[in-house]
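Below: one structure, written as C-alpha cells.
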Amino acid sequence: MAQLFGTDGVRGIANTELTCDIAFKLGQAAVVFLGKTIVVGKDTRLSGDMLESAVAAGIMSMGGTVLLAGIIPTPGIALLTSKLHGDGGIVISASHNPPEYNGIKFFNSQGFKLSDALELQVETFVLEGGAKGEDLPSGDAVGVAIPVESGCEMYIENVVNSILEQGINFEGLHIALDVGHGASALTSEAALRRLGAHVTTINDDFNGLDINVGCGSTCLDFLHDLMKETGADVGIAHDGDADRVMIVGTDGLEIDGDMIEAVCALDMKQRGVLKGNMVATTVMGNLGFFHAMREAGIEVLQTKVGDRYVLEAMIEKGCVLGGEQSGHLIMLEHNTTGDGLLVAAQFLAACKRQGKTVEEAASVMKRVPQVLINVKGVDKAGLSTNTTLLSAIEAAEKEMGETGRVLIRPSGTEPLVRVMVEAFDSVLAERIAQTLAETVKSELSL
C-alpha cells in the first residue's frame, strides 16, 4: 500500500492489503503522535481480532496502555476516548465495506478525526518502517492492555440522555431496526427500548463474515420487508460500525442523510440551538437540501466528500450540525463524529416534538433526482487530465445548464470512480450519467 490513508482511515482487504505489520506500526504511531493511552474498539469482522491484536501489540511495544473496548460502534470510541481521558482512539472497522475488508481509523484526545497533516506524519512513520532498535522500551517500560467492560453502556447512556434531557421519550413508537450484523447489535436496540420504544430487530447476530452483506444501511431490502411484516412506524438501518444511518417511512420512503439533516436543522433552529444559523454538507449533497435550507434562511457550508472535512468546516465556523447524504451526520452538541444511533434518536425526537410522522417531517425537503454510478477497474489518477473525459463533462454541463450538475470523483475508500449526475429531469440525469460512466470506463480502463 504505497498510500495508506483514504477518505476515512486506512482500509484494504485484511491480511493481504491491510496486514498485521501495517497494523502493528499504526499502533506504534498512535503512541508516537497521540500519546501513551489509546482506546481501541472494533466492529464484528472476522479479521477484527487479528488486527486488534496487532494494533495493541504496536501500542504496547512503545510503552503505551491499550484500553480494549471490544465490539462497539465507531462513535462509541470517539466518545470513550474523551470520557476516559485517552490520548487517542483507534477503531478497527471498514465501515460499510464488505466483510473481507477492514480498516483502522484514528481519533485524537478530544474524539476528533486526525487532520491531513497529522495523517501524513503517521503515514510517513509507518512507510519508513516504524520504531525499532533503541526506540523500543524494554523491561517494566513495555505497555499493558486493560479491558473496558462498560464501553457500550457509556455510549448508550450518552444517546439516551440526549433525548431525555429534552423531555421526550419514544413510548408508543414501533421501530423496525436492521443493524447489519454489525457493532450496533450491542447498542441500538437497547438504547431505543430504554427510551420507551417497541423495537423489532433483524440481523443482530454475526459470524464475522456477514457484516453489511445485503443488509443494513447500504441495502434496505430487509428493512422494507420488516416494515411491511410488522406495521412498524419507522425503520432504522445502520452500517457495520454504525457511524451512519438510513431511515424508512411506513410508505417505503427512504430518508437519507440530506433529508435527516434538513429535518434536524429546522428543528434545531426552532429550538434556538442551531448555532450560527448554519449547517454543513459535502459537494454530494442533493440540490433539494440546498433549496430547503435557503427557504428556511439557513446558511450551508459546502465541503469535500468525507465526514472529517465536514467536521473541519464545522469547527472552523462554529457550526454544530453537519453531514453527508450517505447518512454520516455529526451533532457536536452530543458527539464528535458521525453517530448513526444518536442521529436517528434526534430525528425521531424532532418528529415527536412536531407531532408528525417521519414522512410528514421529511417532506420539508424535495429530493432532486440524482443518479450515482460506480465505475470499477479504472485509473483514478487520470480523472483530472483526460481531455476526452473533461470535454464530455463540459458538454453535459452545458446541456443541463442551471437545471442540473455533474460531479465525478475518485472514491477515497474503494478502488473505483463515482459518477454523479443531478437534474430536475430524471430521464436526462440517467442518460447523461450512463454516457459519462461509459466515457470514464473507456478512457481510464486499467
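For the chain, relative contact order (Cα pairs under 8 Å, six or more residues apart, normalised by length) works out to 13 percent. Of the residues Phe33, Phe222, ranked by 1.4 Å probe accessible area with the largest first, the sequence reads Phe222, Phe33.
Since only Leu114, Gly130, Asn161 are under comparison, the one whose Cα sits farthest along the positive direction of the charge dipole of region 88-163, derived from C-beta charges on Lys, Arg, Asp and Glu, is Asn161. Can you tell which of Ile13, Ile146, Ile71 shows the greatest fluctuation in a Gaussian network model of the chain with Cα springs below 10 Å? Among Ile13, Ile146, Ile71, the largest mean-square fluctuation in the Gaussian network model of the chain belongs to Ile146.
Computed from the C-beta positions of Asp135 and Glu438, the FRET efficiency with R₀ = 56 Å rounds to 0.60. Would you mind calculating the relative contact order of region 1-106 from Cα pairs under 8 angstrom and at least 6 residues apart, reporting the percent as a whole number? Computed value for region 1-106: 35 percent relative contact order.
Per-residue ellipticity at 222 nm computed for the chain from its helices equals -12000 deg cm²/dmol, with DSSP H segments shorter than 4 residues left out and the rest contributing -39,500 (n - 2.57). As a rough guide to protection, the peptides 120-130, 426-436 ranked by mean Cβ packing within 10 Å, highest first, stand as 426-436, 120-130. Pairs of Cα atoms nearer than 8 Å and 6+ residues apart set the relative contact order; for region 75-193 it is 20 percent. Taking the DSSP beta bridges with both ends in the chain, the antiparallel portion is around 55 percent. Of the residues Gly214, Gly9, Gly41, the one whose Cα sits farthest towards the positive end of the charge dipole of the chain is Gly9 (charges of +1 on Lys and Arg Cβ, -1 on Asp and Glu Cβ, taken about the Cα centre).
Indicate the gyration tensor shape class of region 318-446 (rounded, prolate or oblate), computed on the Cα atoms with a ≥ b ≥ c the square roots of the eigenvalues: a/c under 1.5 is rounded; otherwise a/b larger than b/c is prolate and the rest oblate.
prolate
Taking the Cβ of Thr387 as the center, what net charge do the other residues with Cβ under 12 Å away carry, scoring Lys and Arg +1 and Asp and Glu -1? Result for the local shell: -2. Here Kirkwood radius over Cα pairs in Å was computed from the coordinates, and among [x] 23.1; [y] 22.4; [z] 25.9 the match is [y]. Ligands, DNA and RNA excluded, the heavy atoms of Met400 present near 10 Å² of accessible surface to a 1.4 Å solvent probe.
Note on region 293-432: dipole from Cβ charges, positive end direction compared against Val343, Ala396, Gln370; the farthest Cα belongs to Val343.
When only the Cβ of Lys, Arg, Asp and Glu is charged (+1, +1, -1, -1), the dipole of region 296-379 relative to its Cα centre reaches about 260 debye.
If you rank Met293, Met50, Met278 by how much accessible surface each has, with a 1.4 Å probe, what is the order from largest down? All intermediate terms of the calculation are to be shown ahead of the outcome.
Details: Met293 0, Met50 60, Met278 20 Å².
So, going from the largest accessible area down, we get Met50, Met278, Met293.
Here region 327-446 is assigned +1 on the Cβ of each Lys and Arg and -1 on the Cβ of each Asp and Glu. Its dipole about the Cα centre then comes out at about 280 debye.
Ranked from largest to smallest solvent-accessible area, with a 1.4 Å probe on the protein heavy atoms, Leu383, Leu329 come out as Leu383, Leu329.
Could you check how much of the accessible area of region 356-422 is carbon and sulfur, as a whole percent, using a 1.4 Å probe? Mind dumping the intermediate values first?
Details: 1780 of 3350 Å².
That fraction is 53 percent.
Over all other residues within a Cβ to Cβ distance under 10 Å of Phe33, the charged ones net out to -2, with Lys and Arg as +1 and Asp and Glu as -1.
Within the assembled protein chains, the solvent-accessible surface assigned to Lys269 is about 80 Å², based on a 1.4 Å probe.
State to the nearest 20 debye the size of the charge dipole of region 335-392 about its Cα centre, where the only charges are +1 on K and R beta carbons and -1 on D and E beta carbons.
140
For Met400, the shell of other residues with beta-carbons less than 12 Å away shows a net charge of -3, using +1 for Lys and Arg and -1 for Asp and Glu.
Taking every DSSP beta bridge that has both ends in region 3-160, the antiparallel portion is near 45%.
Please compute the per residue accessible area over the chain with all protein chains in place, 1.4 Å probe, rounded to a whole number of Å². Before the final figure, lay out the partial values.
Details: 17130 Å² over 446 residues.
Result: 38 Å² of accessible area for each residue.
The values are calculated or read from the model by the stated rules, or taken from the named source; none is laboratory data. Remember, predicted model here, so these are calculated numbers, not experimental data. Note that each Cβ is placed from the backbone with ideal geometry, even for glycine, and that neighbours are counted across all protein chains shown. All accessible areas refer to the heavy atoms of the entire protein, side chains included, with ligands and DNA or RNA removed. Shrake-Rupley method; radii C 1.70, N 1.55, O 1.52, S 1.80 Å.
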